[in-house]
Structure formats: structure tokens, C-alpha cells
Amino acid sequence: MGEGVFFEFAAILGIAVAVSALGMALRQPLIVSFLATGILTGPVGLSIVESTDQLELLASIGISILLFVVGLRLDLRLIRTTGPVALATGLGQVVFTSAIGFVIALAMGFTTVGSLYIATTLTFSSTIIIVKLLSDKQEIDSLHGRIAVGFLIVQDIIAIIALIVLAALGRAGGGEDDAALAIAQILLKGAALVIVVGLLMRFVLPGLTARLAANQELLALFAIAWAVVLGAVGEYVGFGKEVGAFLGGVSLASTEFREAIGARLVGVRDFLLLFFFIDFGSRLEFSLEGADLLNAVWLSAFVLVGNPVVVMVIMGVMGYRRRTGFLAGLTVAQISEFSLIVAALGLGLGHIDTTAAGVITLVGVITICVSTYMILYSGPLYRRLDRPLRIFERGNPYREPLGSEDLMARVDVVLVGLGRFGGGLLRGLRERDVAVLGVDFDPQAVEAWRGRGIPVVFGDTGDPELLNSLSLSHARWVVSSVRERTVNLTLLRLLKAHAYTGRIALTAVDREEVELYQRAGADLVLRPFSDASEVAAEQLHDALNPMPEIPGWPVTLAEFVVQDTSIFVGRALREVEPVTMEGIRVVALSRGGRIHFGPDEDVVVYPRDRLILAGDAADLARAEDLWQEITRTESRFDLSRLQTAEAPIRDISDRPPTVADLVARVPVRVAVVGIDRDGRRTVLPDNDERLLPGDRVLLLGTADAVAAATATLTG
């Protein structure tokens with residue numbers, strides 16, 4: 001690659017950054033910015049793109065990795081459930097769009113052959129663009145995402161067959177026999193490829209990946225090579241690199257290393273796909289005017305509305321909910337790069353003129369840009385169209401059963417999202433005997449958790465009907481482990497609209513989101529990157545069992561934790577400023593799973609020590625502000641065990657005992673938090689404070705300790 005090519009790519013990347021930054025400032029999707037970059041650098045714009053071969057090579061590798069990652073996430077068991085609907089929807093949409101599109105094109109004055117080409121190009125949707133959008137929205141594993149990927153693969157196979165037929169008819173002397181022979185050869189080669197990959201899946205790939213996994217970089221390199229090799233094989237046999245690379249991902253989907261492989265390929269995939277969109281945009285040419293522009297607009301409207309409608313009809317008949325049908329239908333509301341290839345082939349064969357090719361190109365630009373926004377804002381769009389879309393749903397959408405009342409008989413927490421963080425959170429809560437109902441939009445995750453005997457329902461938090469099906473009045477908390485801001489804010493808004501009276505916890509990825517969720521009304525914000533799911537489970541458990549209140553006493557309890565990096569590590573309690581402020585007393589210290597009540601002020605502080613402080617609420621708030629400057633607060637005391645109780649001082653000797661003497665008399669350690677003397681209540685008495693006949697002391701400790709201490713003092 002010469003210096004000229006290098007400078008050319010440098011200029012393209014620089015323009016891509018500038019256009020994308022402008023698009024981000026204008027709140028435009030990155031895909032639209034990438035397409036705009038391609039148009040700007042292509043023949044319509046600055047004519048910078050000259051090294052089309054190199055650009056296409058990088059784009060092809062990006063496409064292979066993208067489809068490989070999609071296949072990597074596919075569990076073959078899902079084919080039993082999503083396969084039939086994917087096949088029916090893919091074929092049905094192709095038949096509907098091609099038939100109606102042909103009639104529309106004829107009505108617009110195009111020739112019969114031209115109308116046939118236009119109708120054919122309107123049937124194909126862009127697998128690459130849709131998969132990228134669904135991946136960015138983290139919906140590739142949702143039910144509608146998997147169905148969409150299924151029927152897009154069906155469309156790709158049909159498109160490849162269409163290209164084979166057109167190429168066969170275009171050859172000199174070609175005819176129907178040549179086309180039939182070419183199709184038969186492709187199908188035989190494809191069947192052989194599937195058989196070979198299946199044998200490798202069974203006997204070779206599991207052991208090979210296990211050996212390569214000893215070096216993660218080598219495993220990632222193998223994955224890229226495998227994706228590109230099978231993409232090349234797929235292209236060679238006539239199925240296309242998309243189908244070949246997808247098959248390569250499926251072949252590794254059953255290995256235990258698929259998550260590690262997928263995580264390492266995301267960055268490479270996104271960078272190389274930039275070149276696909278730039279290459280795609282640079283190939284667009286516009287030479288239409290007048291009536292042809294209007295024809296392109298009408299055909300675009302047909303694709304944007306007609307294709308989703310046919311998908312919703314088919315999925316509704318097959319028993320899916322209207323929301324799933326709508327979200328899946330939006331993915332076919334554009335034409336694909338295959339459409340432009342078909343148009344270029346028809347133009348080269350002399351089957352269509354430049355006008356028809358230009359109309360197809362403009363329809364591609366319009367539908368890709370508009371459908372991108374439709375998919376990105378599918379949630380708000382569905383909420384606006386919810387009522388009229390009910391005609392696309394059967395009375396009993398049996399393929400998507402929601403939660404039932406028996407699951408909600410006793411629920412403390414409704415947990416939304418059962419990924420790595422959410423799954424750990426669910427296990428941690430159940431270990432603490434907290435009743436949890438899980439909710440997830442991944443059918444595979446739902447099936448896996450149900451197999452363990454855990455109540456889980458399928459559903460998407462953006463679907464208002466999900467909340468209608470859950471008896472939220474039983475749940476004390478609704479917790480979202482999802483890390484997408486729009487999903488969390490939508491859930492918060494829907495819960496408020498349903499007049500949910502419990503408490504809400506959301507998961508944030510940074511401090512900005514923490515503050516946003518707190519302002520929006522979240523009661524608790526979890527941080528998966530700073531709080532492991534085990535710690536988060538403790539936080540929720542303690543939130544369900546809050547620090548005991550002490551009615552009638554002017555004292556409040558608060559808890560703090562000493563972090564490894566705290567400046568107080570190695571110091572005595574009397575040297576720890578947040579716990580020695582006036583009006584504050586350390587009443588308990590937890591270390592190594594043991595709680596020490598009323599610890600001596602000479603006790604040295606160690607990392608992970610947990611302290612319960614007592615004092616005035618305002619003083620504790622000031623202490624908390626200071627504490628958070630040098631550490632973060634957590635809660636791991638078993639707060640459900642803490643209790644307070646008042647006990648009278650009956651047995652007084654000649655010499656009145658001090659608070660320290662009293663504590664020493666009881667068999668189990670407790671803390672003396674206050675003294676009631678003739679109706680005057682004093683909190684946080686000193687250890688040398690003398691107790692008088694008739695005094696009542698306020699004790700803090702575990703239930704057993706408080707009971708034993710009370711019995712000793714009153715016995």
C-alpha cells in the first residue's frame with residue numbers, strides 16, 4: 001500500500017471523525033454519519049475515495065466479523081422456536097414486497113423488466129446495518145432481535161439465489177437451464193459446507209479452542225481467522241461471505257469460550273464496519289430529477305410502512321405479541337447493499353436504464369436513514385402506536401406468556417435483567433432468603449433460570465403490558481440490573497405511571513448516571529463496576545431490613561465502612577475524625593463476621609471494618625459527608641438482627657455503677673445508647689457515667705444479646 005493510499009485513508013478517517021462529531025452534536029446516529037462520510041468522500045462529494053479495492057477489502061472483513069459475532073451468540077436450540085417464524089416471515093415478506101412492489105413500479109411507468117428489478121431490490125433488507133443497530137441497542141439477544149436475524153439470513157439466501165439467476169441469465173447463451181444448474185450447484189456446495197462445519201463442531205473445535213484459550217490473544221486471532229476463512233469459503237461456494245461467516249460463529253457458539261471471543265472482537269468489528277458504511281456511501285450516485293424523485297419517495301414510503309406491516313401480520317398470526325412483531329418489523333423497513341448490487345448488475349446487463357438504477361439508489365438512502373431512526377427510537381414510537389397496533393395481536397399470544405399470579409404470591413424483589421451482574425445479584429438475594437422474581441427479554445436466559453427452579457418471566461421493560469401482568473403490589477422493590485440509561489428511565493417512568501408504591505433501584509455506569517437516577521426518583525443506585533453483585537445483594541438485603549429506628553429517642557444510627565485506601569487504617573478509633581465528632585459515638589464494630597458492641601476507643605481500625613455510629617441525625621449527616629471524601633459507604637451488617645430495647649436499673653449497690661460496669665455485668669456484649677432519667681433522655685452517655693435507681697437504659701445489640709441483657713438487668 002503506497003503513501004498515496006495511506007494519506008487517502010488518513011483523510012477519510014479524519015473526515016469521518018469530524019462528520020461523526022457534528023452528527024453527535026446534532027444527536028444523529030453514527031451509522032447516518034458514516035454514510036454521510038461515504039457520500040461526502042465519494043464521487044458525489046469530494047471524490048477522495050479512489051482506493052476502492054482496499055476499502056472494500058476492509059469492509060468485507062468487517063462484515064465477516066460482524067456476522068461471525070452474531071452467529072457466536074446463537075444457541076442452536078433456539079432454532080426450534082425462532083426458526084419457523086424466521087422462515088415464514090422472511091419468505092412472506094419477500095413474496096408480499098415483490099408482488100406489490102412490481103404493481104407499483106408498473107403503475108409508475110417503468111418497463112416490465114425494470115419493474116421486476118425494482119420489486120426485487122425492495123425485498124432485501126440490510127443484515128449488516130440491522131445487526132449493528134441491534135447490537136448497539138443491546139437487543140440482539142432479545143426475542144425480536146433473534147427473530148429478525150433469522151429472517152434476515154433467509155433474505156440473504158434468497159438474495160444470493162436471485163444474484164445467481166441474474167448472473168446465469170446474463171451469460172452468453174445462458175437460459176433457464178443454466179440458472180437451474182447454477183442454483184443446484186450452489187445448494188449442493190452449501191450442504192457440503194454445512195456438513196463439514198458440523199463435523200468440525202463435533203470433533204475438532206471444542207478441543208482446539210480449549211488449547212488456544214491458554215493465550216487469549218491467540219484465541220482472538222483464531223476467531224478472526226476462522227470468521228474470514230469461512231466467509232471466504234461461503235463466497236467461493238456462492239452463498240456469500242455473510243452466510244459463511246455466520247456459520248463460522250454458530251460453529252463456536254457451543255464452546256465455553258464464546259463470551260471471551262465475542263468480547264475481544266467487538267472493538268475490531270466496530271472499527272472495520274466503519275469502512276463498510278463509508279464504502280457503501282461512496283458508491284451512491286444521484287442523477288434523478290422531477291417525477292423520478294417523487295417515485296423514489298413513494299417507493300420508500302412503501303418499504304418503510306409495507307414491510308413492517310407484513311411482518312406484524314405474519315407474527316401476529318403465529319401467536320406473537322404486537323410489540324415483538326412491531327420491533328421485528330422495523331428491521332425490514334429499508335433496502336440493503338444487495339439491492340444496489342442487483343441494480344448495478346441489471347444496469348450492466350442492459351436490463352434497466354440509469355433512471356431505474358437511480359431510483360433504487362435513492363430509495364436505499366431514504367429508507368436506510370429513516371429506518372435507522374425508527375429502530376433507534378422504537379420504544380417511543382411503539383408507545384405512540386400501541387392502540388392501533390392491537391389489530392396485529394391475537395386474543396391469546398401464546399408464544400409469549402407473561403408472568404402469572406402464582407409467581408407473585410410472595411415476592412420481595414422484582415429483578416429486571418439476568419445477565420452477569422443481575423444473575424449474581426439474584427443468587428446473592430436468594431442465599432439471603434429474599435424472594436425474587438426475575439424478568440429478562442432473552443428467551444434463552446429465561447429457560448436456563450427456570451430450569452434451576454427459579455421463577456423468571458419473559459418480558460421487556462419497555463413494554464407497558466409487562467408491568468400490567470406483574471402484581472407489583474406484592475413487591476417491596478423493583479430492581480433493574482440493566483446498564484442502559486433509556487431503559488432505566490423508561491422503567492422508572494412506567495412504574496410511576498402504574499402508581500407503584502414500593503422502592504426502585506437502578507444500575508448506573510458512572511457518577512453522572514447516579515446523579516441522574518437520584519434526581520429522577522430512584523431510591524437506590526447500584527454500581528456494577530465498583531460494587532460486585534455480592535455487595536449489591538447486601539445493599540438490597542439491608543435496604544429490605546433498614547437500620548432500626550428508635551421512637552422517642554433523639555438518636556439516629558448510621559453505618560460506615562473503612563476502605564483499604566482510607567487514611568484512618570492503622571489508627572485508633574479516637575483518632576478517626578468522622579467517629580470522634582462532637583455528639584457522635586461508635587456503638588458497634590464488625591470485623592471478620594463478628595460484631596463488637598461498645599468498642600474501646602483504643603481499638604485500632606483495619607481495612608473493611610464496619611462501624612455503626614449513633615448520634616444526632618444532622619451530626620451524622622456531617623460525618624457522612626466527611627467520610628465519603630475519603631471512603632465510600634456500604635452496608636454489610638446483618639441489620640435484620642439489630643434491635644433496641646429499654647431496660648430499668650433495679651439492682652443498685654451502695655456505689656452506683658457506671659455504664660462500663662453495667663455492660664460488664666451482662667453475659668453478652670451490648671451497647672448503651674441512651675439513659676432515661678425522670679423523663680429526661682440523654683443519648684450516647686460516657687462509659688464513666690453513673691447510673692441511678694429508676695434509670696432506664698437504651699440497649700443496642702442483636703436480638704439474643706438484647707434479650708439476655710434485659711433479663712439480667714430486670715431479673
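The values are calculated or read from the model by the stated rules, or taken from the named source; none is laboratory data. Quick caveat: nothing in here was measured; it's all calculated off a predicted structure. All Cβ positions, glycine included, derive from the backbone under ideal geometry; neighbour counts span all protein chains shown.
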> If you check Thr111, Thr121, Thr127, which single one turns out to be in the same structural domain as Phe302 (by TED's automatic domain parsing) and surrounded by fewer than 23 Cβ atoms within 10 Å (Cβ to Cβ)?
Replying inline: Thr111
> Looking at (1) at pLDDT 85 or above; (2) more than 25 Å from the chain's Cα centre (by Cα); (3) not in a loop (DSSP other than H, G, I, E, B), which is the one condition that is false for Ile335?
Replying inline: (3)
> Quick one: which of Leu489, Leu495 is under 22 Å from the mean Cα position of the chain (by Cα), modelled with pLDDT of 70 or more, over 18 Å from Gly438 (Cα atoms) and in the same structural domain as Gly428 (by TED's automatic domain parsing)?
Replying inline: Leu489
> Which one of these is out of contact with any Lys or Arg (no Cβ under 6 Å at 6 or more places or on another chain), farther than 18 Å from Ile147 by Cβ, hydroxyl-bearing (Ser, Thr, Tyr) and surrounded by 21 or more Cβ atoms within 10 Å (Cβ to Cβ): Thr331, Thr361, Thr324?
Replying inline: Thr361
>> It is to be established whether one or more residues within region 283-292 are in contact with a helix residue (DSSP H, G or I) (Cβ under 7 Å, 6 or more places away or on another chain), loosely packed, with under 15 Cβ neighbours inside 10 Å, within 30 Å of Glu8 (Cα to Cα) and in contact (Cβ under 8 Å) with a residue 24 or more places away in the chain.
In response: yes
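Table: residues versus (1) over 27 Å from Ala263 (Cα atoms); (2) touching a residue at least 60 places away in the same chain (Cβ under 8 Å); (3) not acidic (Asp, Glu).
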position	(1), (2), (3)
Ala10	yes, no, yes
Gln28	no, no, yes
Ile31	no, yes, yes
Ile39	yes, yes, yes
Pro43	yes, yes, yes
Ser47	yes, no, yes
>> Looking at Leu247, Leu218, Leu193, Leu252, can you tell me which residue is at pLDDT 85 or above, within 27 Å of Ala59 (Cα to Cα) and loosely packed, with under 14 Cβ neighbours inside 10 Å?
In response: Leu218
> Which of the following residues is under 30 Å from Gly83 (Cα atoms) and either in a loop (DSSP other than H, G, I, E, B) or not assigned by TED's automatic domain parsing to the domain that holds Val103 (or both): Tyr373, Tyr320, Tyr382?
Replying inline: Tyr320
>> Here are the criteria: (1) surrounded by fewer than 18 Cβ atoms within 10 Å (Cβ to Cβ); (2) part of a helix (DSSP H, G or I). Tell me which single one Leu46 does not satisfy.
In response: (2)
>> Can you find a residue that is at pLDDT 80 or above, within 37 Å of the chain's Cα centre (by Cα), within 19 Å of Arg258 (Cα to Cα) and assigned by TED's automatic domain parsing to the domain that holds Gly350 anywhere in region 146-162?
In response: yes
> When you look at Thr112, is it touching a helix residue (DSSP H, G or I) at 6+ places or on another chain (Cβ under 8 Å) and modelled with pLDDT of 80 or more, yes or no?
Replying inline: yes
> Out of curiosity, is Val434 at pLDDT 75 or above, touching a Phe, Trp or Tyr at 6+ places or on another chain (Cβ under 6 Å) and surrounded by fewer than 22 Cβ atoms within 10 Å (Cβ to Cβ)?
Replying inline: no
> Out of region 338-363, which residues are among the hydrophobic types (A, V, I, L, M, F, W, C) and under 39 Å from the mean Cα position of the chain (by Cα)?
Replying inline: Phe338, Leu340, Ile341, Val342, Ala343, Ala344, Val359, Ile360, Leu362, Val363
>> Against the conditions (1) modelled with pLDDT of 80 or more; (2) surrounded by 19 or more Cβ atoms within 10 Å (Cβ to Cβ), where does Phe277 fall short? Just the number, please.
In response: (1)
> Checking Val103 against (1) of a type in the set (A, V, I, L, M); (2) farther than 17 Å from Asp270 by Cα; (3) at pLDDT below 85, which test does it fail?
Replying inline: (3)
>> What pairs come out if I take residues in region 120-144 that are under 18 Å from Ala253 (Cβ atoms) and pair them with residues that are of a type in the set (Lys, Arg) whose C-beta lies under 7 Å away, six or more apart or interchain?
In response: Ile140/Arg73; Asp141/Arg73
> Under 8 Å by Cβ, and 6 or more places apart or on different chains, what pairs join a residue from region 602-623 that is modelled with pLDDT under 75 with one that is hydroxyl-bearing (Ser, Thr, Tyr) and assigned to a loop (DSSP other than H, G, I, E, B)?
Replying inline: Pro607/Ser566
>> I'm checking my understanding of the structure. Among residues of region 79-135 that are more than 38 Å from the chain's Cα centre (by Cα) and part of a loop (DSSP other than H, G, I, E, B), which one is nearest to Ser371 (Cα to Cα)?
In response: Met108
